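The values are calculated or read from the model by the stated rules, or taken from the named source; none is laboratory data. Fair warning: this is a prediction, and the values are worked out from it, not measured in the lab. Methodologically, a virtual Cβ is constructed for each residue, glycine included, from the backbone with ideal geometry; neighbour enumeration extends over all protein chains shown. Accessible surface areas use protein heavy atoms only, side chains included; no ligands, DNA or RNA. Shrake-Rupley method; radii C 1.70, N 1.55, O 1.52, S 1.80 Å.
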Amino acid sequence: MKEVAKDLLKIQAVKLSPDEPFTWASGIKSPIYCDNRLTISYPQVRTQIAQGIADLIRTNYPKAEVIAGTATAGIPHAAWIAAELNLPLVYVRSKPKDHGRGRQVEGVLPQGAKTVVIDDLFSTGGSILKAVAAARKEGADVIGTCGIFSYQLAALDTNFQEAGLTYHTLTNYSELIDVANEENYITAEQKQVLQEWRQDPENWA
């Protein structure tokens, strides 16, 4: 959705800096930084996101019975999506509680419930696939995942193929840099640099 890409750029949830790249926690040099947590502070933006992902679920996972949000960034969006679809909500902790019942999934998750897991951002897929594994361990039948934005890294598709799972996002790296060029956030030359990064992010800088 181009409108979502425009919104992410407008509210500076996505920042593009091909000339002075950011350094990710992994050490990778990147010309893009995405902080979708900012979207929760903009009612119109978050509503469009919730409605858009709800439509993705209706189209791709029509048998969904439960919406699960990843802690912490996926939780607010999952809540709005669950409300849009009138479905139960649970959320998945990054690790089990170290007290009480030691649960990792909070909320009521019926055994075998067809579940869609929500995260805000897909890079390599590592974090959301851990959440999927935790939900499955507690009895969920995870049928798919959805999010706001994907970097479209090759590792993401590889990891999801290995997990036997699919994902859908509202917008992605290719669409975003097209919009950024159209809206004059970047020049044609900078767009070329951004395209080169996605081909080989680990050896780009």
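With respect to being surrounded by 15 or more Cβ atoms within 10 Å (Cβ to Cβ), under 14 Å from the mean Cα position of the chain (by Cα), aliphatic (A, V, I, L, M) and in a strand (DSSP E or B), Ala50 falls outside the description. Scanning the stretch 12-28 for residues that are in contact with a helix residue (DSSP H, G or I) (Cβ under 8 Å, 6 or more places away or on another chain) and assigned to a strand (DSSP E or B) yields Val14, Leu16.
Residues in the stretch 121-128: is at least one assigned to a helix (DSSP H, G or I), among the polar types (S, T, N, Q), touching a helix residue (DSSP H, G or I) at 6+ places or on another chain (Cβ under 8 Å) and open to solvent by 50 Å² or more (accessible area, probe 1.4 Å)?
Looking through the stretch 121-128, none of the residues is assigned to a helix (DSSP H, G or I), among the polar types (S, T, N, Q), touching a helix residue (DSSP H, G or I) at 6+ places or on another chain (Cβ under 8 Å) and open to solvent by 50 Å² or more (accessible area, probe 1.4 Å).
Among the residues of the stretch 183-205, the ones that are touching a residue at least 24 places away in the same chain (Cβ under 8 Å), open to solvent by 60 Å² or more (accessible area, probe 1.4 Å), under 27 Å from Val45 (Cα atoms) and not in a helix (DSSP H, G or I) come to 2 in all. Tell me whether the stretch 74-83 contains one or more residues that are outside any helix (DSSP H, G or I) and touching a Phe, Trp or Tyr at 6+ places or on another chain (Cβ under 9 Å). Within the stretch 74-83, not a single residue is outside any helix (DSSP H, G or I) and touching a Phe, Trp or Tyr at 6+ places or on another chain (Cβ under 9 Å). When restricted to residues that are out of contact with any helix residue (DSSP H, G or I) (no Cβ under 7 Å at 6 or more places or on another chain) and either at pLDDT below 95 or surrounded by fewer than 21 Cβ atoms within 10 Å (Cβ to Cβ) (or both), the stretch 89-105 contains 11.
Residue by residue, here is whether (1) modelled with pLDDT under 95; (2) open to solvent by less than 80 Å² (accessible area, probe 1.4 Å); (3) under 17 Å from Phe122 (Cα atoms) holds:
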{"residue": "Met1", "(1), (2), (3)": "yes, no, yes"}
{"residue": "Ser17", "(1), (2), (3)": "yes, yes, no"}
{"residue": "Ile28", "(1), (2), (3)": "yes, yes, yes"}
{"residue": "Asn36", "(1), (2), (3)": "no, yes, yes"}
{"residue": "Ser41", "(1), (2), (3)": "no, no, no"}
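If I filter the stretch 140-147 for residues that are open to solvent by 50 Å² or more (accessible area, probe 1.4 Å), in contact with a strand residue (DSSP E or B) (Cβ under 6 Å, 6 or more places away or on another chain) and in contact (Cβ under 8 Å) with a residue 24 or more places away in the chain, do I get at least one hit? The answer is yes, given that some residue of the stretch 140-147 is open to solvent by 50 Å² or more (accessible area, probe 1.4 Å), in contact with a strand residue (DSSP E or B) (Cβ under 6 Å, 6 or more places away or on another chain) and in contact (Cβ under 8 Å) with a residue 24 or more places away in the chain. Tallying residues that are of a type in the set (Gly, Ala, Ser), out of contact with any helix residue (DSSP H, G or I) (no Cβ under 7 Å at 6 or more places or on another chain) and in a helix (DSSP H, G or I) within the stretch 136-182 yields 3.
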